[in-house]
Amino acid sequence: MATITFIGLGNMGGPMASNLVRAGHDVTVFDLSKDAVAALVSEGAKTADTAHEAARGAECVITMLPAGQHVEAVYLGDDGLLANLPAGTLVIDSSTIAPETARGVAEEAKARDIPFLDAPVSGGVGGAKAGTLTFICGGAEETFSKAKPILESMGKNIFHAGDHGSGQVAKICNNMMLAILMAGTSEALALGVKNGLDPAVLSEIMKQSSGGNWALNVYNPWPGVMEGVPASRGYEGGFLVNLMNKDLGLAFDNAVKNHAAIPMGSLARNLFELHAGQGNGALDFSSIQRLYRPEDK
Ligand code: NAD
């Protein structure tokens, strides 16, 4: 078992840190939210007043933060963790951020002999709670091998996508496809219901047909069709529209840099931005269903 510091206890990081505690690791947590910290402490984690203090003595530091600027603020500069961690500390960032930001942090870590892995996740809050996340890692093979047993306490599928930044590239591609699938699924359900079909019956038909996809299988966007998903609790919790827009923005920026065409991703981005602009940014991303069904408010 390892001595682990976990920073960023939000919708994802909270349950991920819980699973590390449950697996028997010696876990110290830190978050700007006192409530988030208190919840983990009640489950057996330790805490400290600052991220630096929390990281003292850690064999491994894991971060799960909203976006690139938070990751840079925590790790870089004279006040950052990298400048203060001993060489050899394993550092894993599971936030979804731009590949070049991950590479920048990796470079700074390398200069200090700190093995760094970008390890964004897929599987949502449900996967974080169940410990079944998919980790998509970028970094050296040796670092990946060291991190794998720790990641296995929080996930089921642990992939090594390639060198630094590759985990983020794969994650961005996946989330762009997820946004396209969720918008497409919502559109198809709304069309069927306009024609008088029962959304549950239509969902089951499409699930068993060629339109079957992850949204239909485990994250149905139509309220009341599936229990335990955000659509059945007013789209509260889950993966926020604002975070999906961040990821679609990362895909768009990356596509521009690489002269890659992403017409479907760009359209999905427009739809989710429109939806956020209508005051839905803090809802789960499956609430895109409401764009096709504005009467459901
Ligand atoms: P969240 O906003 O719920 O949690 C982020 C946490 O980080 C908050 O508790 C916040 O207080 C904390 N934080 C911010 N700055 C901090 C700092 N400087 N020091 C300490 N704590 C700080 O976000 P989330 O939904 O948990 O997502 C985290 C990351 O995981 C994002 O990059 C997101 O894109 C990605 N992700 C989310 C999901 C999902 O379903 N929610 C799925 C896969 C990936």
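The values are calculated or read from the model by the stated rules, or taken from the named source; none is laboratory data. Being a predicted model, the structure only gives us computed values, none of them experimental. Please note: Cβ atoms are built from the backbone with ideal geometry, for glycine as well, and neighbour counts cover all protein chains shown.
Confirm whether Thr47 is of a type outside the set (Asp, Glu), modelled with pLDDT of 95 or more, in contact with a helix residue (DSSP H, G or I) (Cβ under 6 Å, 6 or more places away or on another chain) and surrounded by fewer than 20 Cβ atoms within 10 Å (Cβ to Cβ). Give the derivation first.
Values: of a type outside the set (Asp, Glu): yes; modelled with pLDDT of 95 or more: yes; in contact with a helix residue (DSSP H, G or I) (Cβ under 6 Å, 6 or more places away or on another chain): yes; surrounded by fewer than 20 Cβ atoms within 10 Å (Cβ to Cβ): yes.
When the stated conditions are applied, Thr47 passes them.
Considering only segment 83-115, state which residues are under 23 Å from Asn258 (Cβ atoms) and either away from the ligand (no atom under 16 Å from the Cβ) or part of a helix (DSSP H, G or I) (or both).
If the condition is that a residue be under 23 Å from Asn258 (Cβ atoms) and either away from the ligand (no atom under 16 Å from the Cβ) or part of a helix (DSSP H, G or I) (or both), then Pro99, Glu100, Thr101, Ala102, Arg103, Gly104, Val105, Ala106, Glu107 are the ones that fit.
Please determine, by comparing only the residues of segment 136-171 that are assigned to a helix (DSSP H, G or I) and touching a Leu at 6+ places or on another chain (Cβ under 6 Å), which one is surrounded by the fewest Cβ atoms within 10 Å (Cβ to Cβ). Quick ask: steps written out before the conclusion?
We begin by selecting, within segment 136-171, every residue assigned to a helix (DSSP H, G or I); these are 141-151, 166-171.
Then drop every residue that is not touching a Leu at 6+ places or on another chain (Cβ under 6 Å), which leaves 143, 146-147.
Working: Thr143: 23, Lys146: 18, Ala147: 24.
Filtering first and then ranking leaves Lys146.
Given the conditions (1) under 15 Å from Asn175 (Cβ atoms); (2) more than 12 Å from the ligand (Cβ to nearest atom), and given that Asp247 satisfies all but one, which numbered condition is not satisfied?
Of the numbered conditions (1) under 15 Å from Asn175 (Cβ atoms); (2) more than 12 Å from the ligand (Cβ to nearest atom), the odd one out for Asp247 is (2).
Restricting attention to segment 1-24, which residues are on the phi < 0 side of the Ramachandran plot, buried (at least 23 other Cβ atoms within 10 Å of the Cβ) and either touching a strand residue (DSSP E or B) at 6+ places or on another chain (Cβ under 8 Å) or among the hydrophobic types (A, V, I, L, M, F, W, C) (or both)?
Within segment 1-24, Ile4, Thr5, Phe6, Ile7, Leu9, Met12, Gly13, Met16, Ala17, Leu20 meet the criteria.
So Asp35 clears everything in (1) near the ligand (Cβ under 10 Å from one of its atoms); (2) among the charged types (D, E, K, R); (3) surrounded by 17 or more Cβ atoms within 10 Å (Cβ to Cβ) except one condition, right? Which one?
(3)
Report yes if some residue within segment 53-62 is under 19 Å from Ala2 (Cβ atoms), surrounded by fewer than 19 Cβ atoms within 10 Å (Cβ to Cβ) and within 15 Å of the ligand (Cβ to nearest atom); otherwise report no. Reasoning before the result, please.
As a first pass, look at segment 53-62 and keep what is under 19 Å from Ala2 (Cβ atoms): 53-62.
Now restrict to residues that are surrounded by fewer than 19 Cβ atoms within 10 Å (Cβ to Cβ): 53, 56-57, 59.
Add one more test, that the residue is within 15 Å of the ligand (Cβ to nearest atom), and what stays is 53.
Yes, because at least one residue in segment 53-62 is under 19 Å from Ala2 (Cβ atoms), surrounded by fewer than 19 Cβ atoms within 10 Å (Cβ to Cβ) and within 15 Å of the ligand (Cβ to nearest atom).
Go through (1) under 21 Å from Ala147 (Cβ atoms); (2) in a helix (DSSP H, G or I); (3) more than 11 Å from the ligand (Cβ to nearest atom) and name the single condition Ile4 misses.
All conditions are met except number (2).
Quick one: is Asp79 within 12 Å of the ligand (Cβ to nearest atom) and either among the basic types (Lys, Arg) or at pLDDT below 95 (or both)? Can you show your working first?
On the way: within 12 Å of the ligand (Cβ to nearest atom): yes; either among the basic types (Lys, Arg) or at pLDDT below 95 (or both): yes.
The answer is yes for Asp79.
Could you tell me how many of the residues in segment 128-156 are free of Cβ contacts under 8 Å to residues at least 24 places away in the same chain and more than 18 Å from Val21 (Cα to Cα)?
Number satisfying all stated conditions: 2.
Tell me the helices (runs of 4 or more DSSP H) entirely within segment 172-279 that contain at least 2 residues that are surrounded by fewer than 16 Cβ atoms within 10 Å (Cβ to Cβ) and touching a helix residue (DSSP H, G or I) at 6+ places or on another chain (Cβ under 8 Å). Quick ask: steps written out before the conclusion?
Working: elements: 199-207, 214-218, 241-257, 263-275.
It comes to 214-218, 263-275.
Listed here are the residues, each with its yes/no results for (1) more than 9 Å from the ligand (Cβ to nearest atom); (2) of a type in the set (D, E, K, R); (3) in the same structural domain as Pro115 (by TED's automatic domain parsing); (4) at pLDDT 95 or above.
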residue	(1), (2), (3), (4)
Leu9	no, no, yes, yes
Asp31	no, yes, yes, yes
Glu43	yes, yes, yes, yes
Met64	no, no, yes, yes
Val74	no, no, yes, yes
